[in-house]
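Some notes on the structure that comes next.
The values are calculated or read from the model by the stated rules, or taken from the named source; none is laboratory data. Note that the structure is predicted; figures quoted are calculated from it, not measured. Using ideal geometry, Cβ is built from the backbone for each residue, glycine included, and neighbour counts are taken over all protein chains shown. The accessibility values were calculated without ligands, DNA or RNA, using every heavy atom of the protein model including side chains. Shrake-Rupley method; radii C 1.70, N 1.55, O 1.52, S 1.80 Å.
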Amino acid sequence: MKTYLVTGAAGFIGANYLKYMLAKYDDVRIVVLDALTYAGNLGTIASDIDEERCFFVKGDICDRDLADRLFGEYKFDYIVNFAAESHVDRSIENPQLFLMTNILGTQNLLDAARRAWVTGRDEHGYPVWRKGVRFHQVSTDEVYGSLGAEGFFTEETPLCPHSPYSASKTSADMFVMAYHDTYKMPVTITRCSNNYGPYHFPEKLIPLIIKNILEGKKLPVYGDGSNVRDWLYVEDHCKAIDMVVRKGVEGEVYNVGGHNEETNLEIVKLTIATVHRLMTEKPEYREVLKKKEKNANGEISIDWINNDLITFVKDRLGHDQRYAIDPTKITEALGWYPETKFEVGIVKTIEWYLTHQDWVQEVTSGDYQGYYDRMYGKG
Ligand code: NAD
Ligand code: DAU
């Protein structure tokens, strides 16, 4: 039985990872630590918390006493650190919060792990670590900065972050590596490209576009829509993290990406077309639409679900042009590959949103509208 501390598992990727791990293994015990910020939703993982294999603790990764208490109580073998402020646009509004959570929070967990996992000193004064432990940092391709039309990010690409978000994630990565280099702490890092899938908070591009279509709202595309992202289905990311935590080499970084580059404009058009197609094939999905105008046949009309919904809005400050991951290392070293093709993943994702409108209502019931109005204007 291995015991994991999984931080940030009430958020998008962490929740998917929690569900993936509980479904895959009988012999894991997982303690979730999550502050339940606007991005965290206990309802997402409520059915997973059984107080036997899965426990929930509400708290901040910056809280030293809490981290020490949890290490003492649960004797963790692994830490998988998802907890973060994750939205680039919000980092432009409030950089300091990103520094606090993403840098100080990570460093606090590193120190708590060091206090709990070091069993002595070797003859050179280096800490001796409990056998089999691992600190895994969930990082991002944004630490590498931005690409032009050619090339890919490899693990050797120099770190060159631009946004406050990516600067904070880069700094956290550097602390993780500093603890490895200085104290020989057993660490690994994964740097993944853009994820999409169930439980994605609708401030990020794909879920925001789906939500807006269903509400009959305009679809905001930053700048001219030519920025490129490399989309990966979230479950493939979860599988990669699991492989790296269990089989990855200590002190190594692994890039994770699906070779699925697309411009934002194409992603938005594809999402529009897929919603339209699904509502044509299964007219019952139209009940989810806010706008229920009837056509000549007496059905809810979907004629208006087309590219005219797109509106080009003010560009993101310092907007990175292109991200693209070269995943050769994780594929060759661990046998990882992306299983879900984008055409399949996007249908699964849209159908999930069509059938989980209660979840969307729940996560957007707080400050979401205030944030939306600030970002995109009222409406
Ligand atoms: P998210 O915003 O959906 O979830 C973040 C979670 O962390 C939330 O549950 C939130 O409540 C929790 N949290 C925030 N501050 C906390 C704190 N101080 N203490 C404890 N919990 C706190 O984020 P996500 O998209 O699921 O991303 C998870 C991780 O993966 C992040 O580290 C992010 O940098 C990284 N990542 C994300 C993507 C992506 O496409 N979303 C891609 C690569 C890497
Ligand atoms: O690459 C990995 C990163 O992907 C993660 O580290 C981040 O946590 C995650 O949020 C994501 O960052 P992006 O900034 O790439 O994701 P976002 O969904 O915010 O935006 C995707 C692209 O779409 C980006 O070029 C900006 C654009 N965009 C976004 C929104 C919200 C729009 O054009 N319109 C929008 O309304």
| Cross-chain or 6+ apart pairs with Cβ under 7 Å, segment 9-23 first and among the polar types (S, T, N, Q), then within 15 Å of ligand 2 (Cβ to nearest atom) and open to solvent by 10 Å² or more (accessible area, probe 1.4 Å) | N16/Y199
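In segment 29-52, which residues are part of a strand (DSSP E or B) and either on the phi > 0 side of the Ramachandran plot or more than 8 Å from ligand 1 (Cβ to nearest atom) (or both)?
Here is the first cut: in segment 29-52, the residues part of a strand (DSSP E or B) are 29-34.
Once the filter is applied, which keeps residues that are part of a strand (DSSP E or B) and either on the phi > 0 side of the Ramachandran plot or more than 8 Å from ligand 1 (Cβ to nearest atom) (or both), segment 29-52 yields R29, I30, V31, V32.
Residue-wise test of (1) within 16 Å of ligand 1 (Cβ to nearest atom); (2) over 20 Å from A15 (Cα atoms); (3) at pLDDT 95 or above.
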residue: C160; (1), (2), (3): no, yes, yes
residue: S166; (1), (2), (3): yes, yes, yes
residue: M174; (1), (2), (3): yes, yes, yes
residue: M185; (1), (2), (3): no, yes, yes
residue: Y199; (1), (2), (3): yes, no, yes
residue: P207; (1), (2), (3): yes, no, yes
residue: L214; (1), (2), (3): no, yes, yes
residue: W231; (1), (2), (3): yes, no, yes
| message | Please verify whether Y353 is aromatic (F, W, Y) and touching a Lys or Arg at 6+ places or on another chain (Cβ under 9 Å), treating the condition exactly as stated. | response | yes
| request: Just one of (1) of a type in the set (G, A, S); (2) open to solvent by 10 Å² or more (accessible area, probe 1.4 Å); (3) more than 17 Å from the chain's Cα centre (by Cα) trips up A167, so point out which. | output: (3)
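Taking F56 as the residue in question, decide whether it is at pLDDT 95 or above, under 30 Å from L317 (Cα atoms) and open to solvent by 20 Å² or more (accessible area, probe 1.4 Å).
So F56 fails the test.
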| request: Being among the acidic types (D, E) and touching a Cys at 6+ places or on another chain (Cβ under 8 Å) narrows it down to one of D122, D181, D111, D141, so name that one. | output: D141
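Okay, residues lined up against (1) more than 16 Å from ligand 2 (Cβ to nearest atom); (2) farther than 23 Å from V256 by Cα; (3) of a type in the set (A, V, I, L, M, F, W, C):
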site: N16; (1), (2), (3): no, no, no
site: L36; (1), (2), (3): yes, yes, yes
site: E51; (1), (2), (3): yes, yes, no
site: N102; (1), (2), (3): no, no, no
site: T119; (1), (2), (3): yes, yes, no
| So which of K204, K247, K239 is open to solvent by 20 Å² or more (accessible area, probe 1.4 Å) and within 12 Å of ligand 2 (Cβ to nearest atom)? | K204
| task | Spot the failing condition for A39; the list is (1) in contact (Cβ under 8 Å) with a residue 60 or more places away in the chain; (2) open to solvent by 40 Å² or more (accessible area, probe 1.4 Å), and only one is missed. | result | (2)
| request: Find all pairs meeting these conditions: Cβ atoms under 7 angstrom apart; at least six residues apart or on different chains; first residue within segment 200-222 and more than 20 Å from K292 (Cβ to Cβ); second residue among the aliphatic types (A, V, I, L, M) and away from ligand 1 (no atom under 16 Å from the Cβ). | output: I209/L219; I209/V268; P220/V313; V221/L265; V221/V268; V221/I310; V221/V313; Y222/V313
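Of the residues G145, G225, only one is among the small types (G, A, S) and within 9 Å of ligand 2 (Cβ to nearest atom); which?
One residue alone meets the criteria, G225.
Got a sec? Which helices (runs of 4 or more DSSP H) wholly within segment 267-379 have at least 2 residues that are more than 15 Å from ligand 2 (Cβ to nearest atom) and open to solvent by less than 40 Å² (accessible area, probe 1.4 Å)?
Working: elements: 328-334, 342-355, 357-363, 368-376.
Counting at least 2 such residues, we get 328-334, 342-355, 357-363.
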| field | Close pairs from segment 59-86: first more than 16 Å from ligand 2 (Cβ to nearest atom), partner open to solvent by 50 Å² or more (accessible area, probe 1.4 Å), Cβ under 8 Å, at least 6 apart | value | C62/M100; C62/L104; L66/D60; D68/R115; F71/R115; Y74/R29; D77/K2; Y78/K2
| said: So for segment 289-302 (the condition being more than 16 Å from ligand 1 (Cβ to nearest atom), closer than 20 Å to K269 by Cα and without any contact (Cβ under 8 Å) to a residue 40 or more places away in the chain), does at least one residue qualify? | reply: yes
| Restricting attention to segment 171-192, which residues are open to solvent by less than 10 Å² (accessible area, probe 1.4 Å) and under 13 Å from the mean Cα position of the chain (by Cα)? | T190, C192
